[in-house]
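Trainee: Structure incoming, see below.
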Amino acid sequence: MSGYSKNCFSLSVLNSNGQVITDIKKIANALGETFATVSSETSYPQEFITYKTTEEGKVLKFTTNSNEEYNSDSNLTELKRALDKSRPTSPGPDDIHLNMITHLSVIHL
C-alpha cells in the first residue's frame, strides 16, 4: 500500500561537490554526510560552542508532581479527538494506516 502525501517527491540525481550521484543509497549517504557536517561543532563559531558547552553542563532543576494533566491516562474521547484531527499520511514502521484505525469499532480502540 502506498501512503498519501501531497508534498512528496523523489530525488533521483544529486550533484555533490561536482560529482553526479544517481544511486539512491549513495544519494542518501551524501545527504547524511552533508547534514552531519553542517550540524557538527566545527560549523559553529567558538563563542557559540563555549556557550553551548556551559549551558549543557548545567543541572536542570525540574520538579513536578504526577498530578499534572500530561501525566493523566488517555481516554477514548481524547483518542477520538486526535483521530478526527489527523490527516492520512504514510504509515509508520508498523504499516498501520490512519484509515485502518478510524474504521475500528469502539471496542477495539
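Read-outs: derived from the displayed coordinates by stated rules, not from any lab. Here the structure is a predicted model, which means the values were calculated and not measured. FYI the Cβ positions are ideal-geometry reconstructions off the backbone, even for glycines, and counts take in every protein chain you see.
Trainee: Skipping prolines and chain starts, which residues have an amide H placed within reach, meaning under 5 Å, of the one on Ser16, given they are 5 or more residues away or on another chain?
Mentor: Ile21
Trainee: Now, a different point. State which stretch of the chain is the longest one without any exposed chymotrypsin sites (Phe, Trp or Tyr not before Pro), exposure meaning a DSSP loop state and at most 16 other Cβ atoms within 10 Å.
Mentor: For chymotrypsin sites (Phe, Trp or Tyr not before Pro) (loop position, at most 16 other Cβ atoms within 10 Å), the longest site-free span of the chain is 10-61.
Trainee: What's the percent breakdown of Cα-Cα distances in the chain across 5 Å bins, shortest bin first?
Mentor: 2, 8, 10, 9, 10, 10, 11, 16, 14, 7, 3, 0
Trainee: Just to compare against my own numbers: the Cα pair-distance distribution for region 68-109, 5 Å bins, whole % per bin, please.
Mentor: Pair shares across the bins are 5, 18, 26, 23, 17, 9, 2.
Trainee: Name the residues whose placed amide hydrogens come within less than 5 Å of the amide hydrogen of Ser90, ignoring near sequence neighbours (fewer than 5 apart) on the same chain.
Mentor: For Ser90, the qualifying residues are Tyr4.
Trainee: Return the single residue from Leu31, Leu98, Leu60 with maximal mean-square fluctuation; model: Gaussian network over the chain, springs between Cα atoms under 10 Å.
Mentor: Ranking Leu31, Leu98, Leu60 by mean-square fluctuation puts Leu60 first.
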